[in-house]
Structure formats: C-alpha cells, structure tokens
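A quick write-up on the structure given underneath.
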Amino acid sequence: MKYLLAVLAVAIGVVGIVLGEADDSPGLQLLGVVLIVGAVAFGVRTARRGR
C-alpha cells in the first residue's frame with residue numbers, strides 16, 4: 001500500500017512537469033521534481049525498513 005502512494009506521487013509529479021512545460025511555468029516544474037524526489041526517498045526508506 002505504501003508503495004502505491006509513492007508510485008501515485010511520482011505520477012502526479014510527472015504530470016506536474018509535463019503541464020509546467022506546456023505552460024512554460026518553472027515553478028510547477030520545480031514542484032513536480034520535488035514531489036518525485038520526495039516520493040523516491042519515501043519509497044527507498046519504506047523498502048529499507050521492511051527488511
């Protein structure tokens with residue numbers, strides 16, 4: 001279940017980057033990147049705690 005949240009956050013981040021590119025909005029692209037990095041860090045932390 002926790003991995004699903006991380007995957008969903010990455011998907012939302014990718015959508016943010018794509019929409020930010022279309023609108024030429026650097027702030028939305030930055031939020032997308034921050035969301036992706038945070039989701040990956042959360043996924044790695046969750047995987048390490050599971051062992």
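Here, each number is a calculation from the coordinates, and none is a lab measurement. Keep in mind the model is a prediction, meaning the values are calculated, not measured. Heads up, the Cβs are rebuilt from the backbone with ideal geometry, glycines too, and the neighbour counts pull from every protein chain shown.
What's the exposure ranking of I36, I12, going from fewest to most Cβ atoms within 10 Å? Numbers along the way, then the final one.
Details: I36 19, I12 15.
So the ranking, lowest neighbour count to highest, is I12, I36.
Quick check: the angle from helix 2-23's long axis to the longest principal axis of the chain, C-alpha only, nearest 10 degrees?
10
Counting pairs of alpha carbon atoms under 8 Å apart in space and at least six apart in sequence, what relative contact order in percent does the chain give?
Details: 46 pairs, mean separation 21.3, N = 51.
It comes to 42 percent, rounded to a whole number.
Any chance you could run the full-extension gain for L8 through T46? It's 0.36 nm times the residue separation minus the Cα-Cα distance, nm to one decimal.
Details: separation 38, 0.36 × 38 = 13.68 nm, distance 1.49 nm.
Length gained, L8 through T46: 12.2 nm.
Top mean-square fluctuation among A41, A22, A11, Gaussian network model of the chain, C-alpha springs under 10 Å?
Comparing A41, A22, A11 in a Gaussian network model of the chain, the most mobile one is A22.
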